[in-house]
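Since the structure comes first, as structure tokens, the remarks are kept for the end.
Throughout, read-outs are computed from the coordinates displayed, never taken from laboratory work. Please read all numbers here as calculations on a predicted model, not as lab measurements. Neighbour counts are summed over all protein chains in view; Cβ atoms, including those assigned to glycine, are modelled from backbone coordinates with ideal geometry.
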Amino acid sequence: GAREKMSMCTMSEQLKESAGRTDKEPEPAPTHPPVVVDHQRLLVLLDMVVKKSEGYSVEQLERLYSLLSQCIYQHRREYDKIRLLEEMEEKIQHFDTFL
């Protein structure tokens, strides 16, 4: 009864609102600054991780992965990834102290 009328009325209002919009003028996409990544430094970081983790057990590799994943998560909203790379380099260099 009343619920059906209410939901039908709501749907009708939504249809009227959407009909008032024109498809010719889409909403402008939000602009974001470019992502800044030093690709050469990233390759050096990858090489450092590979060399440093040679001979690690699965548990040690999981801990290193977790540590680096936390860094990435903490910097996820930043467009300039330089600080992320710096932090990851630092964590990798001092990772032995966490074992």
Report summary line: Per the filter on segment 28-69, residues in contact with a Lys or Arg (Cβ under 9 Å, 6 or more places away or on another chain) and assigned to a helix (DSSP H, G or I) are Leu42, Leu64, Leu67, Leu68
Report summary line: Here the residues within segment 70-81 that are assigned to a helix (DSSP H, G or I), within 15 Å of Leu42 (Cα to Cα) and out of contact with any Lys or Arg (no Cβ under 8 Å at 6 or more places or on another chain) are Ile72
Report summary line: Output for Cβ contacts, cut-off 9 Å, separation at least six or different chains, first residue under 18 Å from Glu87 (Cβ atoms) in segment 45-72, second among the hydroxyl-bearing types (Ser, Thr, Tyr), reads Arg63/Tyr56; Leu64/Ser53; Leu64/Tyr56
Requested in this report: Just give me the residues in segment 43-99 being under 25 Å from His32 (Cβ atoms), surrounded by 12 or more Cβ atoms within 10 Å (Cβ to Cβ) and polar (S, T, N, Q), in sequence order.
Outcome: Gln70, Gln74
